[in-house]
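Below is one structure; the comments refer to it alone.
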Amino acid sequence: MPKLTTTDLRPFVPAKSFAESKEFYTSLGWKVKDLGDALALVQLDERSFYLQNYFVEEFAQNTMLHIAVEDAQAWYEHVSSIVRTKKFAEARVQPPTRQAYGAVVTFVHDPAGVLLHLCQWDKQ
């Protein structure tokens, strides 16, 4: 049997306003690299996803990215400072909350309604 390994996984994430979503992720400290008129690569450290200039509300509001972080509280404070500027009218952030599955999670809604789960796993 051949060796069926993977080297990367990059979901495609919708953007209601492509320019605004790119600016939002840049404001969060992520690198955004245009790959064409309708596609950008969004990177944080070694993690990445494709941001696409495509929007269907039902799809966007059901798109979720689970991102493991070291400090959910620090991410909450960082994102809150960006959301408070009201530059991104649709973006919002919720304080970290303990989840039954063993993590503290800060929920962030990007300008298109995509839900980011910034998850700090309990140390075991």
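Brief remarks on what is shown
- Residue in the stretch 77-89 that is out of contact with any His (no Cβ under 7 Å at 6 or more places or on another chain), surrounded by 13 or more Cβ atoms within 10 Å (Cβ to Cβ) and not in a helix (DSSP H, G or I) present: yes
- Close pairs (8 angstrom Cβ cut-off, 6 or more residues apart or separate chains): farther than 16 Å from R10 by Cα in the stretch 54-77, part of a helix (DSSP H, G or I) and among the basic types (K, R) anywhere: none
- The residue that is surrounded by the fewest Cβ atoms within 10 Å (Cβ to Cβ), among those in the stretch 45-59 that are modelled with pLDDT of 95 or more and within 12 Å of the chain's Cα centre (by Cα), is Y50.
- Selection status of K86, at pLDDT below 95 and either more than 13 Å from S27 (Cα to Cα) or in contact with a strand residue (DSSP E or B) (Cβ under 8 Å, 6 or more places away or on another chain) (or both): no
- Of the residues in the stretch 4-17, none is within 15 Å of the chain's Cα centre (by Cα), free of Cβ contacts under 8 Å to residues at least 60 places away in the same chain, more than 17 Å from I67 (Cα to Cα) and crowded, with 18+ Cβ neighbours inside 10 Å.
The values are calculated or read from the model by the stated rules, or taken from the named source; none is laboratory data. Because the structure is a prediction, the values reported are computed rather than measured. Quick reminder, even Gly has a Cβ in these numbers, built from the backbone with ideal geometry, and neighbours come from all protein chains shown.
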